[in-house]
Structure formats: C-alpha cells, structure tokens
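Report on the following structure.
The values are calculated or read from the model by the stated rules, or taken from the named source; none is laboratory data. Source: prediction; values computed, not measured. With ideal geometry, Cβ positions are generated from the backbone for all residues, glycine too; neighbour counts draw on all protein chains shown.
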Amino acid sequence: MTTTDTRLLLLSDADNVLVARATIEAGETVAVSGTPVTLTARVIMGHKLARRTIPAGALVLKYGAPIGTATRDIGIGEHVHLHNLKSNYTATHSLEAARADAEGEQQ
C-alpha cells in the first residue's frame, strides 16, 4: 500500500496528478505515493501536483483523461499548472491572460 497525504486526492488510478483538497504552503512536506516531497511553491485548493515524474511532451491525465501536455519535465510532487502545462483544448490567446494571473498567485 502506497501512502499519499490526505490533503491530496486521486481522482482515477490512471491519473499522473493529484488534486489538492486544501491549500498547502511552500516548505511543507507531503507524501506523494509514499515519497516525501517538500513543496517549493504554495499550492492552492483544487490545483494539481505531479503523482509521478511527467516528462516534457507527455499527456497530463486527470479523471483518467488527458487535460493537456507537459511543456517541460515535471518532478514528483511539483505543482502542475499553466507554467508547465499546455492545454490541448484552450486557445493560446486565452491562456496568456490565465498565465499572467497564475504568476500573480505564486508571488
């Protein structure tokens, strides 16, 4: 049995991300599939963390379905969001505004 922090939710066994059930602050350590990971950035409720390493170009799976493509390698426990994920469904011009908002959230 692999243990994962109770603040993280696995929606489908096929997923390579976990969803934060609560805000987790930078510097806190969480267990991700039995691996302790210290977060380098604040992850707010509803955002995703990598369940395992996701290589650049790989599909990111949530609910067992692809939600986008990793734009760079994403390490286990790393925040998965607009800074390292390209939506396969949202037009690029819509993402530019969202990325600017996300960068403001992380500061």
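Within the option set Gly68, Gly104, being more than 11 Å from the chain's Cα centre (by Cα), part of a strand (DSSP E or B) and at pLDDT below 95 holds for one residue only, Gly68.
Counting the residues of the range 72-101 that are exposed (fewer than 15 other Cβ atoms within 10 Å of the Cβ), among the β-branched types (Val, Ile, Thr) and at pLDDT 95 or above gives 0.
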